[in-house]
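Each reported figure results from applying straightforward, stated rules to the coordinates on display, with no laboratory input. For clarity, every value in this text was computed on a predicted model and none was experimentally measured. Methodologically, a virtual Cβ is constructed for each residue, glycine included, from the backbone with ideal geometry; neighbour enumeration extends over all protein chains shown.
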Amino acid sequence: MRILLTNDDGIYAPGLEALHDELLRLGSVDVVAPSVEQSGVSHSITYLEPLLAHEVFRHGRLFGRAVRGSPADCVKLAMLQICNTPPDLVVSGINAGANTGINVLYSGTVAGAIEGAFFGITSIAVSLAAGDQPDYPAAARLAVPLIEQVLAGESRSGGLWNMNLPEMRPGWPVGVKTLPMGLARYGEAMERRIDPRGRPYFWTTTIVDTSHPLEPGSDVEGVAEGYVTLTPLHFDLTDRRRLQEVASREWRL
Ligand code: MN
C-alpha cells in the first residue's frame, strides 16, 4: 500500500515522525508536509506566490518534502507533482491537540485529509488530545490498527475520517466510539496586550469552561472521557434538507 502523510504542525513535528514510523508497517510512506507549523490554517491554499518545496533527510535518507505552504497545498502538490503513483491512503497527523467539535473547521490537519478526499482517496486525520507529555509513539501504535480497520470496512475509496485520541493517561483509552462532531462553541477569547510601542495587539486564546457541560454524545465529550473517537466526515456543505425546502419556494427576478 502507498500512503501519503502530511500534517499541520510541520514536517519536523514529533507526531508526524511517530505516525510515519508506524505506518511503514502498512506500506510505503511519502511525507509531504509544511516546512513550518500551519495549525489553524484550515483549507487555505497558496496561489498568489510560488509554492516552494525542498527535500528533508533523516538519518542520511530522504524522509520527505517540506513545503512552504498549507496542508492542503502539500496534498495537492503531492498528488499533482510528487507521487508518481497516486496513494491508496492519505493520513494527516498526528496533530498536537484534539481536532474535535467546531475546531474541525479551523484545522489544517483535517484540511489535509479533506484535500485527499477531494482526489477520491480514503483520507484520515489523526489528532492527540493535549496532555502534559504527549506520547506520540504510543498514540501512533493505537492509531494505525484503527486505520487498518477503517480501510477494511471501506467498500470504496474516497471516505473521509477524523480520528481523535484522548490524553495518554494510565488506563486510557478506555475504548473506541464513533461519534458526531460537536457543534457547541468553545470558550473563545481574544487577549488584549500592549506592545513596546504602546499599540494594542491581540492573541486568540481558549478559555476552558469547566462549569459548562460537554456536548453529550459528541466527539468533544468522547475524547474528554478517554475514548478514541472516529467520525466519518464529508465536505459537502450543502444543507440538503433545506435545499429541498427552499426549492419549492417561488423565486422572483
Ligand atoms: Mn496542529
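Which value, in debye to the nearest 20, describes the size of the charge dipole of the range 1-141 about its Cα centre when Lys and Arg Cβ atoms bear +1, Asp and Glu Cβ atoms bear -1, and nothing else is charged?
Values: 8 positive and 14 negative charges, 63 e Å.
That gives the range 1-141 a dipole magnitude of about 300 debye.
What is the dipole size for the chain, taken about its Cα centre, with +1 at each Lys and Arg Cβ and -1 at each Asp and Glu Cβ, in debye to the nearest 20? Intermediate values should be presented prior to the final figure.
Working: 21 positive and 29 negative charges, 99 e Å.
It comes to approximately 480 debye.
Taking the range 127-192, how much of its Cα-Cα pair set, in percent, is spaced more than 21 angstrom apart?
41 percent
So which DSSP H runs in the chain come out at 24 Å plus along the axis (Cα) with average Kyte-Doolittle of at least 0.5?
136-153
For a protection proxy built on the mean count of beta-carbon atoms within 10 angstrom, sort 198-207, 8-17, 181-190, 214-223 highest first, please.
With the highest mean Cβ count within 10 Å placed first, the list reads 8-17, 214-223, 181-190, 198-207.
With +1 on each Lys and Arg Cβ and -1 on each Asp and Glu Cβ, how big is the dipole of the range 109-182 about its Cα centre, in debye rounded to the nearest 20?
Dipole of the range 109-182, to the nearest 20 debye: 160 debye.
Of T206, F235, G27, which is farthest on the positive side of the dipole of the chain, counting Cα position, with +1 on Lys and Arg Cβ, -1 on Asp and Glu Cβ, and the Cα centre as origin?
F235
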